[in-house]
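The values are calculated or read from the model by the stated rules, or taken from the named source; none is laboratory data. Predicted model, so just to flag it, every value in this text is computed and none were measured. Glycine gets a Cβ as well: all are built from the backbone with ideal geometry, and neighbour counts include every protein chain shown. For the accessible areas, the whole protein counts, side chains as well, though only heavy atoms, and no ligand, DNA or RNA atoms are used. Shrake-Rupley method; radii C 1.70, N 1.55, O 1.52, S 1.80 Å.
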Amino acid sequence: MQRVAVQPDDQRARNGRKAQRRAGRLRRGLVCAAAVPAVALFATACSSGSDAAAQGTGGGSDSSSSAAGSTDTGGSSAASPEVQAAKYAKLPKPCAVLSQKTLTSLVPKGVKSGKEGTSDDVATRGSCSWSSLDSNGVKGSQFRWLNISFLRFDSDAGRGSGEKQAEAYYTSQVQGAQSVAGAKNTKSVPVSGAGDQATAVRYDLKKKEGAFKQQTVVARVANVVVTLDYNGAGLAGGKAPDADALTKAAEKAAAEAVGSVATANGAAPAPSSPAATPSKSASKSASPSPSPSKSSAKKS
């Protein structure tokens, strides 16, 4: 039987063509991988070419598969929707957000005691606090403490819109005010007329100086969250303040603070609420100020 001789030249030619195809696939994979960080569209096209080559040969080299995986990420990133820009770009000066009339009703003897908190970026965060003490001799004293803090969120491709971030922070602030250690008789109510969302949380808190009535109002307007802490106490035998009156005053002051955000950004605020109901209070003193709730801003 006569054998058919294998032609060495034909065999070498076939092997050469296979090597060329493998080299081509590898080259395309490396180019695509390098292009992913800079040009997503080009990477997507490269990925399609690599996939087609792999399908034509029943599977590509490791570099081709790796390149296809990398370009999938690049393609999805290019297709992601654009994040909506934040509505407000700056904050008001925290110690100037309340009118003298409102401050007189909240901290009658501490209108000029405003102390601005420290901030590494006044366009992003800010706070101010006031205190007032009215000493009535043998009848005791009336103490009031007020703190307002602002936190603004910018839109970010990774974290989402400023408004969404503010919504999450608003929720955490309300939850923090509702879970203060040692708080008694905690109540939460929604507040109208103070931005897009607002909640008032009130509770009783006993300290060595006396029994304090605490009010925390958390409000959100677009991408800014305003937190107002207001508390009062009758010290040295003084009568405990009325919690309902304190809460009403805090809600009205919070609405005024929220309106200041729009004003600071050149927009007209919504109609403001009437002045806060006056609370008994008196002259400034070095008496220790009660600790604010977890939601209040750090004081300087």
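For ASP196, the residues whose modelled amide H falls within less than 5 Å of its own, excluding neighbours fewer than 5 places apart on the same chain, are ARG220, VAL221, ALA222. Here r is the Cβ-Cβ distance between ALA268 and VAL138 and R0 is 41 Å; the resulting FRET efficiency, rounded to 0.05, is 0.25. Here the calculated FRET efficiency for ALA123 and ALA168, from their Cβ-Cβ distance with R0 = 22 Å, stands at 0.65, rounded to the nearest 0.05. Solvent-accessible surface of protein heavy atoms, probed at 1.4 angstrom with all chains present, puts ARG202, ARG144 in the order ARG202, ARG144, largest first.
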